[in-house]
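One structure is given below, encoded as structure tokens.
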Amino acid sequence: MNKYLARPYHLFRRSGYFQKYFDECRNKHSAPRLHVGCGNRPIPGWCNVDVAHLNESVQYVDALRRLPFEDETFQYVFSEHFIEHLPFADGLKFFKEAHRVLKRGGVLRTATPDLDFLCELKNLDSDSKRRYVEYIAKNFAPAQPKSYVTCTNTAFYGWGHRFIWNASLMEEVLTSMGFGNFRVLKPGKSDNPDLRDLEQHGQSVPSEINEMETFVLEATKQ
């Protein structure tokens, strides 16, 4: 159980934080934006929430439950290397909640490991793929054979991962919920200036590794 779940103080504190955040958005004529699972990397100008790493900039929200916001509150909902930590059914619940709290025309942006890339590692036909296998084997599975098999299993079972997506399945799921206008991008890239340079996973792993293993999907609430 997360150590913050039984602390009413965090629930009390977040109410004031949320009110202040929305007041600032109105005063600055800025679109409200929600960053879910921010960890210890909150983004300035965003409403940053997590179940841990709580401080004045990060407020407690359990994304497996109903999000504590009214319908059509946010223009953007963003998460990075978060959805893969949820079982498939919980991922669906989160996407439905993201749809609920987004304004019509609002954008969901999700960055997550790419199953298609992991499957392509079977054919080590480029130096970049070989560097990827070498990096994962050396840093996260040093006692196992250096192999694409090791990389794939590490992606599925390491770091608390529960379900690895690809872009086509995510698009199919989100279409059924009322999203459309999909864009598949690389970290940091977007046609929308408000959504550029958000991803920070490249601070945890080399940027080349992050670029290879991550896809970013933007979807608009119809």
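Note on the chain: dipole from Cβ charges, positive end direction compared against Val36, Asn210, Gly158; the farthest Cα belongs to Val36.
Toward the positive end of the charge dipole of the chain, with +1 on the Cβ of Lys and Arg and -1 on the Cβ of Asp and Glu, the farthest Cα among Leu108, Gln59, Gly16 is that of Gly16.
Once the convex hull of all Cα atoms in segment 115-222 is built, its volume per residue stands at 116 Å³. Candidates His201, Phe94, Pro142 compared by Cα position along the dipole of the chain: farthest toward the positive end lies Phe94, with charges placed on Cβ. With viscosity 1.306 mPa s and temperature 10 °C, the Kirkwood radius over alpha carbon pairs of the chain converts through Stokes-Einstein to a diffusion coefficient of 86 µm²/s.
For segment 183-220, the set of trypsin sites (Lys or Arg not before Pro) satisfying both a DSSP loop assignment and a count of at most 11 other C-beta atoms within 10 Å is empty. Among the chymotrypsin sites (Phe, Trp or Tyr not before Pro) in segment 134-222, which ones are in a DSSP loop with at most 12 other Cβ atoms within 10 Å of the Cβ? Mind listing them? Here no loop site has a sparse enough neighbourhood.
Relative to the Cα centre, the charge distribution of the chain, modelled as +1 at Lys and Arg Cβ and -1 at Asp and Glu Cβ, gives a dipole magnitude of about 600 debye. For Lys103, the residues whose modelled amide H falls within less than 5 Å of its own, excluding neighbours fewer than 5 places apart on the same chain, are Thr73, Phe74, Gln75. Among the trypsin sites (Lys or Arg not before Pro) in segment 76-174, none is located in a DSSP loop while being surrounded by at most 11 other Cβ atoms within 10 Å of its own Cβ. Taken about its Cα centre, segment 116-160 carries a charge dipole of roughly 160 debye when the Cβ of each Lys and Arg holds +1 and the Cβ of each Asp and Glu holds -1. Only lysines eight or more places from Lys189 in sequence, or on another chain, were considered; those with a Cα closer than 27 Å are Lys28, Lys93, Lys96, Lys103, Lys129, Lys221.
Taken together, the values in this text are just the output of simple stated rules run on the coordinates, not laboratory data. Because the structure is a prediction, the values reported are computed rather than measured. For neighbour counting, all protein chains shown are included, and Cβ atoms are generated from backbone atoms with ideal geometry for every residue, glycine included.
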